[in-house]
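Bear in mind that the values in this text are calculations on the coordinates, not laboratory data. Small disclaimer: the values here were computed from a predicted structure and weren't measured. For neighbour counting, all protein chains shown are included, and Cβ atoms are generated from backbone atoms with ideal geometry for every residue, glycine included.
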Amino acid sequence: MSRVALVTGGSRGIGMGIARKLAEEGFNLAINGVREESSARAALEELRSFGVRVEYLQGNIASAEDREAIVSGMIAKFGKIDVLINNAGVAPRTRNDVFDISEEDFDQLMDINMKGTFFLTQAIAKWMAELKRATPESEISIVNITSISSTVASSIRASYCMSKAALSMLSQVMAVKMAEFGIPVYEIRPGVIETDMIEKVREKYHEGVKNGMTLEPRMGFPEDIGKVVAALVRGDLPYSTGQVLVVDGGMTVARM
């Protein structure tokens, strides 16, 4: 039986890069997004072209009601889950100095990036534990997509950095908890990736790459992250639960 993966924020950007690679690997997919399904149709059809089943579960993970619907949808449509990819997240609406961040902007970002991801993971992890008890041979795992911003500070993106740092700790505590059930948990920290999230600062990053910001002389692509996710869920990195994979072209390597 084909394995099933849920990819939050999976119809665009990094999420689509991950979903595309998992489809190539033969995974049936549940794609979560906030857009109407009609707006994501082209992405869904591309994924289905790999010959896998693809279902769309619309919902905002910041909403408790929507999270419940996502989990219920997984149960109704697939009856199981083998891989959870926590990818959904937002950038700050405006890049304000740490002194000027509004409480409204802070709450909006944290509700999606941190709170929503935590409580969706909590619900899915409980179900995963039950599935693993029932079928010990099943290959179940969780992969959290965070950011180098979990350790690289930016005073004009403070809330974003804080939310990603919180998700890094979520990865650690979930690795500890899920070890009870033989379920590995991993974290991937992308660097600067070519997506619409960096639209407002794309030229700045391109200039940075030209000036040696990264050791590999290019921006990252969603497919780079997809390949790393595929290696993890295939089990190509055994005995490695709780580990962090930094996919940033060498951007965060300390240099003299």
Among 143, 90, 229: highest mean-square fluctuation, GNM of the chain, C-alpha pairs under 10 Å: 90
Footprinting exposure proxy for 224, 66 (fewest neighbouring C-beta atoms within 10 Å first): 66, 224
Candidates per GluC sites (Glu not before Pro) in segment 9-87, loop by DSSP, up to 14 other Cβ within 10 Å: 36
Zero-based 10 Å bins, Cα pair distances in segment 89-133, whole percents: 24, 36, 21, 14, 5
Separation between Cα centres of segment 60-83 and segment 186-256, rounded to whole Å: 28 Å
Hull-based mean projected area of the chain, where the convex hull spans the alpha carbons, in square nanometres: 14.1 nm²
Above-threshold pairs, the threshold being 26 Å between Cα atoms, out of 132/164; 77/200; 21/77: 132/164; 77/200
222 nm mean residue ellipticity, helices alone, for the chain (DSSP H n ≥ 4; -39,500 (n - 2.57); rounded to 500): -12500 deg cm²/dmol
Loop-exposed chymotrypsin sites (Phe, Trp or Tyr not before Pro) per DSSP, neighbour cap 14 Cβ within 10 angstrom, longest uninterrupted part of the chain: 100-238
Neighbour net charge for residue 204 - beta-carbon separation under 12 angstrom, K R +1, D E -1: +1
Shape box of segment 1-104 [Cα atoms, principal axes, largest first, Å]: 53, 25, 24
